[in-house]
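J.: I'd like to ask you about the structure that follows.
The values are calculated or read from the model by the stated rules, or taken from the named source; none is laboratory data. Computed from a prediction, not measured in an experiment: that's the story for all the values here. Heads up, the Cβs are rebuilt from the backbone with ideal geometry, glycines too, and the neighbour counts pull from every protein chain shown. Heads up: the accessible areas ignore ligands, DNA and RNA and are worked out on the full protein's heavy atoms, side chains in. Shrake-Rupley method; radii C 1.70, N 1.55, O 1.52, S 1.80 Å.
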Amino acid sequence: MLSCTVRKANVEPKIADYSNEGYQLVWADEFEQDGMPNSKNWTYEKGFVRNEELQWYQPENAFCKNGLLVIEAKKEQKPNPLYTQGSKDWRRNRKNIEYTSACVITKGLQSWQYGRFEMRGKIDVNNGLWPAFWTLGVAGRWPANGEIDIMEYYKGKILSNIASLGKDGKPKWFSETKAVKELGGNAWAEKFHVWRMDWDSENISLFVDDVLYVKVTLTQLQNDNKEGLNPFKQKHYILLDLALGGLNGGDLNGTKFPNRMEVDYVRVYQKEN
């Protein structure tokens, strides 16, 4: 690891010892090597992807520097290569790209079933930003593959969400939120925080700085369709992104660019079978 004199002063590099709870570290990325994220761990989403969001995802907006993964959102205009005049598809009816950002994912490279997942990071809480640390199941179409939002922020709130397939074919959500103002507002957002998931064969629990936000039993998360599969009894992969606007992100008025989400580490611990 890099020494603390090289890393940012308020970034703690020590790896927690959870052996007293039966957990052993099985995978981690500490982002110690400057440059592009480790290609053995991360690949990228590209283009306009979901939720009518404003950003065009591209790999160059994610980089490691001084022991941190930086996901940078920029305001920059360039032609949309997907543009089709008159299209009703939101990905194709935008003549220009107005913002760029990055989404790094472990899909096809690293995935896990059960364990303790941790991310230490710092997020901006200005208008229109939508950063997230989340997982998706490796098999099935959304939402039947399952989604866990270990960290999500938009419109002044921190969110902890778990979703599977509901009876009407739409996602059923189990969510808790906390207003950033209640946590300390901008002063809270200027510091690094730890988001954690504990996931086993019975429950999924989501924490922020060791405070439990939501706990859901896996029986509640069974998909409500004829297959009746449980998307949380399969491996999931990790996503880290900084989205903008779209269906939930809100208006970007007054938000300055470039803007950053900074990640100190991502770690996965598991118990021996």
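J.: In the stretch 91-124, what residues are part of a loop (DSSP other than H, G, I, E, B), in contact with a Ser or Thr (Cβ under 7 Å, 6 or more places away or on another chain) and aliphatic (A, V, I, L, M)? Spell out how you get there, then give the answer.
T.: First, the residues of the stretch 91-124 that are part of a loop (DSSP other than H, G, I, E, B): 91-95, 102, 106-111, 113-114, 123-124.
Cutting the leftovers down to in contact with a Ser or Thr (Cβ under 7 Å, 6 or more places away or on another chain) gives us 92-93, 107-109, 114.
The one that is part of a loop (DSSP other than H, G, I, E, B), in contact with a Ser or Thr (Cβ under 7 Å, 6 or more places away or on another chain) and aliphatic (A, V, I, L, M): 109.
J.: What do you reckon, is residue 252 under 28 Å from residue 43 (Cα atoms) and part of a helix (DSSP H, G or I)?
T.: Values: under 28 Å from residue 43 (Cα atoms): yes; part of a helix (DSSP H, G or I): no.
The answer is no for residue 252.
J.: Please determine whether any residue of the stretch 234-255 is open to solvent by 20 Å² or more (accessible area, probe 1.4 Å), over 22 Å from residue 195 (Cβ atoms) and among the basic types (Lys, Arg).
T.: Checked the stretch 234-255: no residue is open to solvent by 20 Å² or more (accessible area, probe 1.4 Å), over 22 Å from residue 195 (Cβ atoms) and among the basic types (Lys, Arg).
J.: I need the full set of residues from the stretch 33-55 which are open to solvent by 40 Å² or more (accessible area, probe 1.4 Å) and either of a type outside the set (A, V, I, L, M, F, W, C) or closer than 19 Å to residue 257 by Cα (or both), in order please.
T.: 33, 34, 38, 39, 40, 43, 44, 46, 50, 51, 52, 54
J.: Another question about this same structure. Let me spell it out: the conditions are (1) over 25 Å from residue 27 (Cβ atoms); (2) over 12 Å from the mean Cα position of the chain (by Cα), and residue 112 meets all of them except one. Which number is the exception?
T.: Checking residue 112 against (1) over 25 Å from residue 27 (Cβ atoms); (2) over 12 Å from the mean Cα position of the chain (by Cα), the one that fails is (1).
J.: For residue 154, state whether it is open to solvent by 30 Å² or more (accessible area, probe 1.4 Å) and under 16 Å from the mean Cα position of the chain (by Cα).
T.: yes
J.: Considering every residue within the stretch 163-173, establish whether at least one is touching a helix residue (DSSP H, G or I) at 6+ places or on another chain (Cβ under 7 Å) and either touching a residue at least 60 places away in the same chain (Cβ under 8 Å) or open to solvent by 40 Å² or more (accessible area, probe 1.4 Å) (or both).
T.: yes
J.: Is there any pair linking a residue in the stretch 88-105 that is free of Cβ contacts under 8 Å to residues at least 24 places away in the same chain to one that is hydroxyl-bearing (Ser, Thr, Tyr) and open to solvent by 80 Å² or more (accessible area, probe 1.4 Å), with Cβ under 7 Å and at least six apart or on different chains, and which?
T.: Filtered contacts from the stretch 88-105: 92/83; 95/83.
J.: Return yes or no: is residue 57 at pLDDT 95 or above and touching a Cys at 6+ places or on another chain (Cβ under 6 Å)?
T.: Working: at pLDDT 95 or above: yes; touching a Cys at 6+ places or on another chain (Cβ under 6 Å): yes.
Spelling it out, residue 57 is indeed at pLDDT 95 or above and touching a Cys at 6+ places or on another chain (Cβ under 6 Å).
J.: Kindly indicate whether residue 106 is touching a helix residue (DSSP H, G or I) at 6+ places or on another chain (Cβ under 8 Å) and hydroxyl-bearing (Ser, Thr, Tyr).
T.: Working: touching a helix residue (DSSP H, G or I) at 6+ places or on another chain (Cβ under 8 Å): no; hydroxyl-bearing (Ser, Thr, Tyr): yes.
In short, no.
J.: Does the stretch 202-223 include one or more residues that are open to solvent by less than 20 Å² (accessible area, probe 1.4 Å), assigned to a helix (DSSP H, G or I), touching a strand residue (DSSP E or B) at 6+ places or on another chain (Cβ under 9 Å) and farther than 16 Å from residue 132 by Cβ?
T.: Yes, some residue in the stretch 202-223 is open to solvent by less than 20 Å² (accessible area, probe 1.4 Å), assigned to a helix (DSSP H, G or I), touching a strand residue (DSSP E or B) at 6+ places or on another chain (Cβ under 9 Å) and farther than 16 Å from residue 132 by Cβ.
J.: Can I ask one more? Residues to consider are 145, 127; find the one that is open to solvent by 60 Å² or more (accessible area, probe 1.4 Å) and either in a helix (DSSP H, G or I) or of a type outside the set (Asp, Glu) (or both). Please lay out each step first, then the result.
T.: Details: 145 fails: open to solvent by 60 Å² or more (accessible area, probe 1.4 Å).
Only one candidate qualifies: 127.
J.: Which numbered condition in (1) farther than 24 Å from residue 236 by Cα; (2) surrounded by fewer than 18 Cβ atoms within 10 Å (Cβ to Cβ); (3) at pLDDT 95 or above; (4) in contact with a Gly (Cβ under 6 Å, 6 or more places away or on another chain) is the only one that residue 2 fails?
T.: The single condition residue 2 does not satisfy is (3).
J.: Of 135, 100, which residue is surrounded by 23 or more Cβ atoms within 10 Å (Cβ to Cβ) and not charged (D, E, K, R)?
T.: From the options 135, 100, the qualifying one is 135.
J.: Give 75, 95, 14, 8 a once-over and let me know the one that is open to solvent by 60 Å² or more (accessible area, probe 1.4 Å), at pLDDT 95 or above and under 23 Å from the mean Cα position of the chain (by Cα).
T.: On inspection, the qualifying residue turns out to be 75.
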